[in-house]
Every structure is written in C-alpha cells, then in structure tokens.
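Q: The following block contains the structure, expressed as structure tokens.
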Amino acid sequence: MENCIFCRIVRGEIPSRKVYEDDEVFAFHDINPLRPVHILVIPKRHISSLAEVGADDAPTLGHLLVVARRLAAENGSPDGFRLVINTGRIGQQEVQHLHAHIIGGSAPVGPMLARLQGDE
C-alpha cells in the first residue's frame, strides 16, 4: 500500500532505527517504547492484519516468529519476552499493517492482562 506508514518505512521513505532486514521481514525500534526492549517486526509485503492472513502467509509468519525470538535475545531480552500482535478494532491495532511487538528487557513485563476499571 502506497501510503501505509510501515510500507513507507520498509521503502526507506520514513526513517527508522532498523534492527534487522531480510527478503521477508523488517524490524525496527518502536518510537514510543514500553520497555527497554521494544522492537516491531513486520512483513515487508503489506498484510493489513492477522485477521486477513491465509495459508499462503504461513511461511512469512513462521519466519517472522523465528526472527522475533532471535532479535529479543540479541537486543537485551535473552531470558524471555512478550510477543504481541494487536488485531483489528477490538485488539486496538493502530497501524493497518501486520506487526509484532517484541517487548522485554531484564525485568518481568508484568501480568498479561491488567483489569481496567469498566472492563467486563
């Protein structure tokens, strides 16, 4: 997609703090990190959402997961990390290009789901 911010990052039109790139995926530091390790890993080919993937996407998604594990270890989270893929409106996906957040560091990241006032 021509105007997708992540596609523009992949093409080099928008600067990023690149961590990794190969033929299938691109990884860069999040501009608003939640933890000491917060890296985004995206497929270079535009895929809007995890809700839209099919069987043909399995090799790319598998590769993305392998790269995420390696990048977490190499960038300061060798003892574990959280991998988050927000999907759709309910999942609070902000950019309509599939992306995985590697979140970690030297201390535990906390509970997976924090109960917020007003949640059902």
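Q: Just name one of H97, S16, G62: the one whose Cα is farthest towards the positive end of the charge dipole of the range 5-104 (beta-carbon charges, Lys/Arg +1, Asp/Glu -1).
A: Comparing the listed Cα positions along the dipole, S16 ranks first.
Q: What does the charge dipole of the chain about its Cα centre add up to, to the nearest 20 debye, if the Cβ of each Lys and Arg holds +1 and the Cβ of each Asp and Glu holds -1?
A: Magnitude of the dipole: close to 300 debye.
Q: Ok, one more. Of (1) 55, 29, 18; (2) 38, 35, 29; (3) 48, 28, 22, which is the value of Cα extents along the principal axes in Å derived from the coordinates here?
A: (2)
Q: Separate question: Helix-only mean residue ellipticity at 222 nm, the chain, DSSP H runs n ≥ 4 weighted -39,500 (n - 2.57), per residue, nearest 500. What is it?
A: Helix-only estimate at 222 nm: -6000 deg cm²/dmol.
Q: Could you list which residues have their amide H under 5 Å from that of V25, counting only those 5 or more apart in sequence or on another chain, with H placed in the peptide plane?
A: K44
Every read-out reported here was derived from the displayed coordinates using simple, explicitly stated rules and does not represent laboratory data. These numbers were taken from a predicted model, which means no experiment stands behind them. With ideal geometry, Cβ positions are generated from the backbone for all residues, glycine too; neighbour counts draw on all protein chains shown.
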